[in-house]
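Here the structure is laid out as structure tokens; the discussion comes afterwards.
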Amino acid sequence: MNKLGRNKKYVVLLIDIFICTLVYAFSYIIADDKFNLTYLQQFSFYIPFIIANVLFICVFLIFDIYNIIWSYINVKELFNIIIACLISTGIFVIIVYLFELHIRLRSCLLFAATFTLSVVLSRSAYYLLRHSLFKYKNIVKKRLLIIGGGEACNILLREIWQNKRNEFLPIGIVDDEKVKQGRNILGVKILGNTKQIKQIVEAHEVESIIFCIINISDKKRKEILDLCMEACSDVKIIPGVYNSLVPVNGNGIFPKLKNVTMEDLLFRDSINVLENQDISYIKDKIVMVTGGGGSIGSELCMQIAKLNPNMLIICDIYENNVYSLEQKLKRQYAEKLNLVIEIASVRDNKKIDLLIKNYKPHVIFHAAAHKHVPLMESNPEEAVKNNVEGTLNIVSLAQKYEVEKFVLISTDKAVKPTNVMGATKRVCEKIVLAASLKSKKTVFSAVRFGNVLGSNGSVIPLFKEQLEMGGPLTVTHPEVTRYFMTIPEAVSLVITAGQLAKGGEIFVLDMGTPVKIKDLAENLIKLAGKVPYRDIDIKYIGLRPGEKLYEELLVDTQVLAKTMYDKIFIDKFEEINNTQLQSDIKELIDFAKENDYIKVKEKLKTIVPEYTERKNN
């Protein structure tokens, strides 16, 4: 097969010689009214023919015509073939005229026109036969609707027509530009705009949709994808980068198409503040991440690894997650990354002291914490031991060993907390702020953000488990809302906060519009190709202890200070009575070690006056 492929250009050359022969004889006979069979016995009859063949072969070789793959021929290549034909036949006419060869001038002109037309038609005929007639009849095609009539659509359609084994049969395109309505792209008609998606799907029995718009805001994309998900169960989306659409090594576009994910259905534009940023405080530095095996911690490690640290120290008490992360980092970076894994708890002050003393990290990201709201409501002493005491340990040691930068991972639940977890994280913020006031060497800061999609504590994994079991999906309340971001976005913010930090800041991300958990559940059911409330039910089970119906607004532009990034703000600076705070925290930790959960909650309310315990049925 490969040998045949390599020899195709010689087959094409022989076909062109055959065409030249027929066209030459045809032109000679038609244009010369004195032609008779005795001409065929004269050598002078063949001289122009030999010259014509030599000329077009030389010119075609110069224009690299025989290295064109007929299956992928396009307008530009056809234009090059026409130019080569005109040049070769033009030179032929000049030679005939100058040397008065045995052929009439009008025969030459007819030859020039007919030869050019014949060569172009031969290429075009092969292309049409290959892509229109010689189909794989045993492949069942899905009726496809394409969203977006731009360049990405053009590339996709070319791939569909050229890749005979693809599973799609394009039946129409949807585009919001009025000037495109009713027109065609590569033979596929634009049937209407995005508001008509459902009607078009029903009218044309669409089985699949490919979202094919690249330059669009995430909010607008989400709106259109919602319409697609309502109309069709099989929705795919092209990659977001134009260059990634270009077929490479014959693999084409189709392996790169991805299913619509929950991230695609967020209500706000995604943010990646790390793009094109010089994160100097990590490059060639020793970086430690506590809680490195968790959802946020592991993504922190993955993004830090890209920033060329001198050493990355991953610290976590749960060895299974850390082991998986270690293998992933080794596969991706091998010897390029100086990686250290330490199994330790931030509660163990002596062990953490030993680690920081030995490795001397320049930067510490503190992500280790208990974050599950209902579990911490019933185990408040454990939340204090891990969150408060663990943070106090590592903050004190960062000061002791003069770590350059310390970044605490906080939460939106620390804002006017109604649960133990949020209250303990608010205490952690106070510890960091107090340390910043008296620290001369270490720059302390915190980063506060909302829920992250797909994390261990997120509702999405629970929904997926329930979906696999056939439902129902359980939602606490039909009106419960949360702010959401993706894990990469959250980590991008954390790393950037470290770059911006001067000391004592609590960085806050503008997370846009809150999302109803009910809508997340419905979208997840649609992503699975099911119909909410018909195929999979949604059950409302009531708010859990400590849970809010609505999260507090994270960003109030009248209170928060702006940064150089549109979506990142700084909470107002807070005065901390360090002596009183240290005394209160000592009592709090003592109560926790005595497992006196009543006194733990009472002391939390003393340290965090805005903490209002909420009990839900």
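The values are calculated or read from the model by the stated rules, or taken from the named source; none is laboratory data. Quick caveat, the model's predicted, so the values are computed rather than measured. Note that each Cβ is placed from the backbone with ideal geometry, even for glycine, and that neighbours are counted across all protein chains shown.
Within the stretch 94-153, take every residue that is of a type in the set (D, E, K, R) and in a helix (DSSP H, G or I) and give me the one that is modelled with the highest pLDDT.
Going through the qualifying residues, I end up with E151.
Which pairs turn up if I take residues in the stretch 373-390 that are among the β-branched types (V, I, T) and look for partners that are not in a helix (DSSP H, G or I) with beta carbon separation below 8 Å, at least 6 apart in sequence or on another chain?
Filtered contacts from the stretch 373-390: V373/N419; V373/R544; V373/G546; V373/E547.
Can you pull out the helices (runs of 4 or more DSSP H) entirely within the stretch 387-471 that have at least 1 residues that are surrounded by fewer than 19 Cβ atoms within 10 Å (Cβ to Cβ) and under 36 Å from the mean Cα position of the chain (by Cα)?
459-468
Among the residues of the stretch 354-371, how many are among the aliphatic types (A, V, I, L, M) and over 29 Å from the mean Cα position of the chain (by Cα)?
3
Kindly provide the set of residues from the stretch 481-526 that are in contact with a strand residue (DSSP E or B) (Cβ under 7 Å, 6 or more places away or on another chain), surrounded by fewer than 20 Cβ atoms within 10 Å (Cβ to Cβ), of a type outside the set (D, E) and not in a helix (DSSP H, G or I), ordered by number.
Within the stretch 481-526, T481, R482, K502, G503, P514, K516 meet the criteria.
Could you go through the stretch 174-182 and let me know if any residue there is at pLDDT 70 or above, under 30 Å from E207 (Cα atoms) and of a type in the set (G, A, S).
Looking through the stretch 174-182, at least one residue is at pLDDT 70 or above, under 30 Å from E207 (Cα atoms) and of a type in the set (G, A, S).
Residue by residue through the stretch 188-200, note down the ones that are surrounded by fewer than 19 Cβ atoms within 10 Å (Cβ to Cβ) and in contact (Cβ under 8 Å) with a residue 24 or more places away in the chain.
Hits for the stretch 188-200 are T194, K195, K198.
Name the residues in the stretch 589-604 that are surrounded by 15 or more Cβ atoms within 10 Å (Cβ to Cβ) and either outside the structural domain of P380 (by TED's automatic domain parsing) or part of a helix (DSSP H, G or I) (or both), would you?
I589, F591, A592, Y597, K599, V600, K601, K603, L604
Would you confirm whether any residue within the stretch 335-353 is without any contact (Cβ under 8 Å) to a residue 24 or more places away in the chain and under 34 Å from the mean Cα position of the chain (by Cα)?
yes
Is it fair to say A203 is small (G, A, S) and loosely packed, with under 15 Cβ neighbours inside 10 Å?
The answer is yes for A203.
Within the stretch 269-368, considering only strands (runs of 3 or more DSSP E) that don't extend past its boundaries, which have at least 2 residues that are surrounded by fewer than 14 Cβ atoms within 10 Å (Cβ to Cβ), polar (S, T, N, Q) and touching a strand residue (DSSP E or B) at 6+ places or on another chain (Cβ under 8 Å)?
Ranges flagged: none.
Has the stretch 589-605 got at least one residue that is at pLDDT below 85 and aliphatic (A, V, I, L, M)?
no
Any residue in the stretch 400-417 that is in contact (Cβ under 8 Å) with a residue 60 or more places away in the chain and in contact with a Cys (Cβ under 7 Å, 6 or more places away or on another chain)?
Scanning the stretch 400-417, I find at least one residue that is in contact (Cβ under 8 Å) with a residue 60 or more places away in the chain and in contact with a Cys (Cβ under 7 Å, 6 or more places away or on another chain), so the answer is yes.
Looking only at the stretch 568-583, how many residues end up being assigned to a helix (DSSP H, G or I) and within 46 Å of the chain's Cα centre (by Cα)?
Number satisfying all stated conditions: 3.
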